[in-house]
Amino acid sequence: MPGPTSPHQTTAAAASLPASAHDGVTAPIAPGDVPHDVGGFSFPGLAHASRALRDAGRPKVLVVMGVSGSGKSTLAGELSFALRWPLVEGDSLHPQANILKMSTGVPLTDADRQPWLEDIGRVVRDWIDSDTCGVITCSSLKRRYRDTISGGNTRVCFVYVKGAQADIAPRLNRRTGHFMPSTMLDSQFAALEEPGEDECVLSVDVRASRDSLTKATLDALDGLTA
Ligand SMILES: Nc1ncnc2c1ncn2[C@@H]1O[C@H](COP(=O)(O)OP(=O)(O)O)[C@@H](O)[C@H]1O
Ligand SMILES: O=C(O)[C@H](O)[C@@H](O)[C@H](O)[C@H](O)COP(=O)(O)O
């Protein structure tokens, strides 16, 4: 069972930040550029805390979610580094069959994802049970996936890197050395169920630069009541 001592896990200090994370193809926006609209959703800044998250207060576990190429791994690395919380890359928990399937451009089914989501949920639960904080990446595209991961625990916050397909596709096209082909983005958006205000979610704007996104996320988390 993967847990905080899993070989997939890196310590915060060892978290490697992809050097290519600054290769945005759209002009980055700054925290002052408010309000703006992302895919039909207005943000009062670069980050928006859902009602449920504001009610729950500061989380112990961050699950960085979003479609492939939205910048989950990049943001998760930054958050892990800044918070000194351990980091688990959710992709490393996929069964080999899933990696092979995605590599050949075939979207995963709910059944394919189930064991992977359960493993991610176990990592999260191990952290909660051992009173440890942590950061993990997982696309978490559907509400029931998020429920599997969080187990309904309101100390688990989904940091949703939210954006329009037009902003994410160029990044995915430019990314190299990853098993996920850019042709999968349509199916990722088709599967995506937007988190609701009743879910513990901090939505952040995909168009922001890496530094702005990290700062906006940390500021928003800081702004929650303890
Ligand atoms: N804020 C950002 N601005 C510009 N490019 C970014 C940003 N965050 C990530 N990227 C780049 O976008 C690509 C996808 O990022 P990645 O973190 O691998 O996404 P995911 O983990 O969601 O698949 C990478 O090439 C990464 O360097
Ligand atoms: O559920 C899925 O269809 C996949 O798991 C996908 O959503 C996930 O994003 C991949 O693991 C690709 O990896 P990246 O998100 O890092 O591109």
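The values are calculated or read from the model by the stated rules, or taken from the named source; none is laboratory data. From a predicted model like this one, the values you see are computed outputs, not experimental measurements. Please note: Cβ atoms are built from the backbone with ideal geometry, for glycine as well, and neighbour counts cover all protein chains shown. When the accessible area is computed, the model is the full protein with side chains, heavy atoms only, and any ligands, DNA or RNA have been set aside. Shrake-Rupley method; radii C 1.70, N 1.55, O 1.52, S 1.80 Å.
Some values worked out for this structure:
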read-out: Residue check, ASP131 of a type outside the set (Val, Ile, Thr), modelled with pLDDT of 95 or more and on the phi > 0 side of the Ramachandran plot; value: yes
read-out: Which numbered condition GLU197 fails, given (1) more than 15 Å from the chain's Cα centre (by Cα); (2) closer than 25 Å to TYR145 by Cα; (3) assigned to a helix (DSSP H, G or I); value: (3)
read-out: Tally of residues being within 19 Å of the chain's Cα centre (by Cα) and over 21 Å from ASP186 (Cβ atoms) across the stretch 96-115; value: 2
read-out: Residues located in the stretch 172-189, provided they are surrounded by 15 or more Cβ atoms within 10 Å (Cβ to Cβ), polar (S, T, N, Q) and away from ligand 1 (no atom under 11 Å from the Cβ); value: SER187
read-out: Hits in the stretch 190-206 (condition: open to solvent by less than 10 Å² (accessible area, probe 1.4 Å), over 11 Å from GLY163 (Cβ atoms) and not β-branched (Val, Ile, Thr)); value: LEU202
read-out: Count of the stretch 53-85 residues which are closer than 23 Å to SER209 by Cα and either away from ligand 2 (no atom under 16 Å from the Cβ) or in contact with a strand residue (DSSP E or B) (Cβ under 8 Å, 6 or more places away or on another chain) (or both); value: 19
read-out: Hits in the stretch 87-101 (condition: among the small types (Gly, Ala, Ser) and open to solvent by 60 Å² or more (accessible area, probe 1.4 Å)); value: ALA97
read-out: Single unsatisfied condition, GLY152 versus (1) open to solvent by 10 Å² or more (accessible area, probe 1.4 Å); (2) within 22 Å of THR104 (Cβ to Cβ); (3) out of contact with any Gly (no Cβ under 6 Å at 6 or more places or on another chain); value: (2)
